Every structure is written in C-alpha cells, then in structure tokens.
Amino acid sequence: MTPAPPAPGPPRPSSASPPGAAPRHREGEQGPRVAGEAAERGTERAAQKATHDEGKAQRNGELGDRRGQPAGAHMGGEWHGRIRGGCGPRQRGASSLHLCIRAQEGSIRVSLPGIVNLSTTHARLRQVLVVGEIVDAPPLPCGGAWQWVVTPSEGVRRGTRRILEMLESLLAIGGLVLLRDSVEWEGRSLLKALIKKSALCGEQVHILGCEVSEEEFREGFDSNINSRLVYHDLFRDPLNWSETGETLPGGPLEALRALCRRTHPGPVTIALDSLSWLLLHLPCTTLCQTLHTLSHQDSCRGDSSPGEQVHVLGLLHEELHGPGPLGVLSSLAQTEVTLSGALGQASAHILYRRPQQRPTHQTQWFSILPDFSLELQGGPPLEPQPYPDPRVPSMDPTTHLTFNLRLSKKEREAKDSLTLPFQFSSEKQQALLCPGLGQATSHIFYEPDAYDDLDQEDPDDDLDV
Amino acid sequence: MAAAATCGTGTRSTGSMVVSASRNSVTSFQRRGPRASGTDSGCSRLVSIAGTRPSVRNGQLLVSTGLPALDQLLGGGLAVGTVLLIEEDKYNIYSPLLFKYFLAEGIVTGHTLLVASAKEDPADILQELPAPLLDDNCKKECDEDIYNHKTESNIKMKIAWRYQLLPKMEARPVSSSRFGHYYDVSKRIPQELIEASKWHGFFLPEKISSTLNLEPCSLNHSYIKLLQFIQNIIYEEGFDGSNPQKKQKNILRIGIQNLGSPLWGDDICWTENCDSNHSLTKFLYMLRGLLRSSLSACIITVPTHLIQNKAIIARVTNLSDTVVGLESFIGSEKETNPFYKDYHGLIHIRQIPQLNNLIYDVSDVKDLAFKLKRKLFTIEISRT
C-alpha cells in the first residue's frame, strides 16, 4: 500500500490572534491529539482528523441516518467531541476538553462549556480548526462558554462530501457488500476502513477472521475502535485441535449461523475476512444460503427502518475462484467493489444493485491512510487510459462502408422536393392512415394519370363472339 | 385453420385487411362458435373456466401470461398443463416483472396461485404485483401510447407509408373478451384483490431446516420438498380431477422463482461438473408430469447466464415447453448501439411446444425487443 503523501501545511488563519489572548504555546508545539489516536507528526493530519470528527463523537439524535459525520457545513446537528491535549514525546499530561460543536447552515459553532484553561486551549483549538477559516473569534471571557464561528474552506467541504459519499454509499444499501481484490491491489485495508467507519457510527461490528491472526487484524485500529469489535477467531485453531474450548465448536458454519441467530437489536456490521477461505472450506450452496439469511435478517423481523440494516462485508480474492462462484456471489451481492488501479493509485469500481432498479456504477480513485481513513484522489498523474473502457464507444453504422450513405445539403434538398410517383393528396392519406370508425368497406382511389386512356366503351365489342 | 392463419398474417397490402388486422393482429378470421370464456355454454368438449379460451390452432385450453403482447407471440397464450421457462437477464430486473404479470393475471381472473421462492417471501412478492388497469382507463392509456407512436412514425415514413399501419404488437384491449388484462407497473395491486384471492406460498428457508445433515441423493432435497408441496396442493384442491368438485373448476397457476440458483441448494451455477448435475432436469421432468395431469400452468425463472455447463441449459430448454429468453442491454456493448437506443433489451422466443400438432406455431418475426416504460412493459419488433 502506497503511503499517502503528506498534506501541505495548514494555511495560516487569516485573522490574527484574537485581541486579548496571550498565546502561551510554544512555537514548535504540535497540534492537539484527537482522543485516543496514535501520535501524529503533522499538525495537518491532526487538523484534518479533528475536522472530520473522528474522535469519539456521540450523535445528539437529530440527524436521522447520518451518523458520526464530520462537522461539515452542509449538515445540521450537534456533536459533542473530546480533544485531548498533548502529543508526541513531549506530552505533558493529557488534559481533555469537552467540546460542543454545532453546525448550522454555513457555519460551525464551537463552544466550550465550563471553565478550562482557555488560553492554551484557544491556541490549540486554533490549530485544530485551521483547515477552516476562523471568521469570528471574540475575546475570551474569563469563564463560561464562548463560541467561535468557523466556516470550513471550500476545498475541505468538497472533499469531505466526496469522502463521505464513497464510504457511506458503500454502506447505504445494506445487505452484502462484496470486495473483490487481487494480488496487486489488496482489499483488506478497504475492509478495515469500512469496519472503522461502521464502528464510529455506533454499530456493532462482528468480525470472522480466518486468514490473518487477530493481532495483525487489530493492528492499526485505536483502542476505542478495538473495544467495539467482536472478533471471532478462526485462524488460530479452525478445527479445534487444541481443544481448549476457545474456538467455536462446529467451525465456520456454526459461527455464521450463530451470527444469523443473534437477537440483539440495532444495526450491525458483519465482516467476513475472507469469503475465499469460507468458500474453500464450506459447501457452496450452504454458504450462499447462509449469506442470504445473514444479509436479510431484518426483513424477518417485521418492519425494518433504514437504521436497522445489516451490513455484511465480504472480502473475496478474485484469482482463487472461477467464473461460476464469482458470478453467483455477484448476483447475491447488493454492492460490488472491484479493486484495481494504475501507476500506484488504487481505484474502486463500484456497482450498486438496488432492488428492482437499474444497476449503477461508479469509479473512484482512492488511497487509504495508515489509520484506515479514506482519502480520495483525482486519478493517476499520467492519464494513458489506465484500464480498458468496458463499454465500446457508440457505433456509427455509416462509417467504413464502400458506398456512400450520406447526403450533402443540396442532395437533401433535391430529395425533399421530389414529387413522388404516386399522386396522393394528404386528405386521402390521412383517411387511410387513421382507421376510421365507419369504414367497413374498402375504397379504391384512382386518379387517372396524364397518359391514361380511359375508354368507356367495351374493348371487346368488336369481337364477333 | 393453418392456411387461414398464414393468410391473415401474410397479407397486409389491401386496405380492408389492414383495417381489420389492426384490431386483431393474430388473424382476421374470427371463429364463430360458442365463446368459452366466462359463459356457461352447453358445449361439452370445451371446459368453461374463467380466464381461459381455446386456441384457434390446436384447440388447447389457453391461459394468458399477463402480457397480451407475449400472448400473441406464443400463439394466443400459454397452454394449460405446460411450463413457461424464462431465462433471466443478467441483473435480474425484467424477469421478475414477467413473473409478476403472470401472478397478477391469476389474481384478476380468480385462479389459485402457488408461489415458490428461495429468495423472497411469497407474501412480499404478492404485495408487489402490478395493479390492473380497468377497461376505460386502459383504453385511454393505450390510445395515448399508440398516438405517440403514430405521430412520430408519421414524420418518419414518406415512401413506405403503408407500413405505418403494421401493428407494433401493441394490441388494443378487446373489451368483449376477458382474456388478457393490462397492468400498471407503477402502482401496486390493491390489497383487497390479494385478500380475495386464494394463494399458497412456499418459502424455502422456512420449509427446510438447515441444521440437518442431509446425505446427498439423486434429487436435491429442496426440489423434493417443492414437488411434494405442489403435489399436495393439486391433490387436495382437486386440480387433477381426483375429487369431484362441486364448485366450478379452476386453474392453478404455479410460479417458481430463481430455480437452479444456489439458494435452492443446487450447484449447477457453481462448477461445470458438479454432483447434482441432474437434479434440475429430474425436477423439471417430474414437474411436467404433474402439470400434464392437472389443470395448471407454471412459470419458472432460471438464471441461465450463471449456469456453467451449457449442456444443462440445453437439457433444461428441451424439458420445458415454452422458453422465452430475456437479454437486457445494461452493461453490454449494445447499450450504446444506436439501433437499440429505444429499447431496454431483446426478447428471444427460443421454443414453442408442439401440442397435439404436427407443426410449430412460430411467429414470423424474430427480432423482438422490449422496453419498460413507466407504466407498461411493451414488446415490439425492433426496427433494425
């Protein structure tokens, strides 16, 4: 996985430091750490993350099905977030602040309830919110709550929306999400990014790990996410040889069925670390039937609100299977992501199969950061047609012919003004074209031509018969 | 009769034939005789059941498939006692529509339904059936459609203007007969119609408990269960004439969805050489035996694009009576082909049965395309 290039340095806030504040921070001090995450070297990374609200955020219940969104200006609602100060090797003891972030149309208000160490906080928060621009920074009162009004900059708003849309759109439909990867473009990091997103949205996450060990899988997640993951380990001892009783009896099939039978209400995400492993160890029809039951659990519970969806994320290695299993799993999946790429950039070709609607597809270039958040890219720097266009460009049947099918303008005019050999007035044409109501008999319309010789006499009169 | 039929479809040049052909494009010769549909006639040979009519070609009892255009292509309708096999399109968008048309027609004409599926609950399938169009409404809709068609074709044809009168397979509803209704796909069937109808559902995950360790046998267990279910219904309700019924005879319409997919426990979509190579073919053989001895008609959708072994597809086609294949343009290179820009896919009539006949009843047009408009599913001759 290519490491993401470091983002450019944060733009200096246009307004100078608010009057009256004595910034007591040192020059080299880095930005605050968002709760629980690994130490980051760059302020820019922290700033982005804080703006994306990837700290421990709890929704205040006003957003419907938008969960855990970053503080984007296009959404309303209120979040409570926590920012812990201190970072890096010079950590001076974590002091955590409780923030109240409210986003209304076009602006974000940050308020700090309670009395805290305001001056250092202010400086740290300025660096946090440096991705947007501070437009209104009132002087600090001695205590109590105060507010900033921040409008995020345009680029962040656009980028935030696109990042939202890719991960959210993958999880929007519900059901089975199939991630097809290959040796060159691995999909486990995208799987982990989706798991992280679901965990941050407050869903329960169950993981059936078959291919890598639990420690390796959990690596890279921070502790609050790790605490939300329920890991079913099938890697260490799948056949239960050690008989310690730790592994699930019955093997992978029993584990899947246990997941089907769970009774805990609420949205849930089930990640199958590798469907390929399960395909090789279970009979195919049983696996398909179990997957179908898993992804359609909510339907048997009566009404299913969109917040109660079950997401099943399955990782499939394309090269291990023939066209049969791939075709069958594609037809079972509601969303299918095929990973490919060019020139070091990964791309995802996403196919959405909403029930009873035409399937739509979309291609996104992306890269995954070391903390398993997603960053969208524009595309590879050189554009030599990275992968063959699946659709042939529209055919023009009049090309490559040995005869001429085109008309020049004069020829077209001559053709239009040509009188047709049969003389037909428009009324008679209309009368014949519209099936009339009273016309049961047929009529012969004969208009004599200039050359017609109508002789009323019987031509056979002179015959002597 | 055969000569009359070819005469009716062949000549289109004279005005009188054109005028009457536009009204009933199958043949311009009407058979005079007792109308079997709906009336209690004294004719003992023909069974007078609602929603059926005898075929003009071979005297078979026909039921409508729900799409009058498809009825025309199949020679008047689907014969009672036969299987209509639909080969699904790649993303399974249009074949459920034909399936639902068939079931909706059964509800409207009062037939008993039997719906079997491994994917969706039959009750949910019935909720999504299209709403029938009443006679005055549907005449208005069809008039609009035909008018739109005519205005655009008026502009196009200057020299071959007589071909504008060729019917485009959009037969107007003949209000006198009750065979073949029109449906509005954008609306759902009213709830009271579903409740007034009699239906039986077979949802596979409920009928089979997956924890049993089943030893493999020649026929798939799901198929065995389904066959037993169908046989029970036919026997109990008297569709095979076993109990003399006091009430009027009725038709059983059977609909089986996604047969052959792994959700039915069949792995012909998985590999080329699999253990249960013959399950589906045996099932179809036994099903056809059940159908031939009872008053029932069956529609089956099979995902043939997923079946890996081409020989199985050929066997399945041979074992069914009527086979219709759907090919949608989504995702294929035909989507951008300018010839096909008006349509959503092609429909292939792959097989039509010879029932008490020596000749096939094949329609003379081969290039048929379908289009799903907002309210209607239309089948037209693709003008390539």
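The values are calculated or read from the model by the stated rules, or taken from the named source; none is laboratory data. For clarity, every value in this text was computed on a predicted model and none was experimentally measured. Here the Cβ positions follow ideal geometry from the backbone for every residue, glycine too, while neighbour counts run over all protein chains shown. Quick note on the areas: whole protein, heavy atoms, side chains included, nothing else; ligands and nucleic acids left out. Shrake-Rupley method; radii C 1.70, N 1.55, O 1.52, S 1.80 Å.
With respect to the cross-link table entries B:Lys90/B:Lys310; A:Lys196/B:Lys119; B:Lys282/B:Lys371; B:Lys282/B:Lys366; A:Lys410/B:Lys334, which display a Cα-Cα separation exceeding 24 Å?
A:Lys196/B:Lys119; B:Lys282/B:Lys371; B:Lys282/B:Lys366; A:Lys410/B:Lys334
Using amide H atoms built in the peptide plane, which far-off residues or other-chain residues are under 5 Å from A:Gln377 H to H?
A:Trp365, A:Phe366, A:Ser367
Using only protein heavy atoms and a 1.4 angstrom probe, determine the accessible area buried between B and A, summed over both sides, in Å² to the nearest 100.
Roughly 3300 Å².
For the stretch A:216-265, what does the alpha-carbon gyration tensor say about shape, rounded, prolate or oblate, given a ≥ b ≥ c as the root eigenvalues, a/c under 1.5 as rounded, and a/b over b/c as prolate?
Note, shape of the stretch A:216-265 comes out oblate.
Do you know which residues of the stretch A:266-284 lose at least 50 square angstrom of accessible area in the protein assembly compared with their chain on its own, with a 1.4 angstrom probe?
The answer is A:Cys284 - residues whose exposure falls by at least 50 Å² when every protein chain is included.
Taking 8 Å as the Cα distance limit and 6 or more residues as the minimum spacing, I'd like the relative contact order of the stretch B:240-293 as a percentage.
For the stretch B:240-293, the relative contact order is 20 percent.
How many Å³ per residue does the convex hull of the Cα positions in the stretch B:292-374 occupy?
Cα-based convex hull of the stretch B:292-374, divided per residue, equals 152 Å³.
So which trypsin sites (Lys or Arg not before Pro) in the stretch A:211-274 end up in coil per DSSP with only 10 or fewer other C-beta atoms within 10 Å?
Those that pass, being in a loop and sparsely packed, are A:Arg261.
In the stretch B:244-325, what trypsin sites (Lys or Arg not before Pro) fall in a loop by DSSP, with at most 12 other Cβ atoms inside 10 Å?
B:Lys246, B:Lys247
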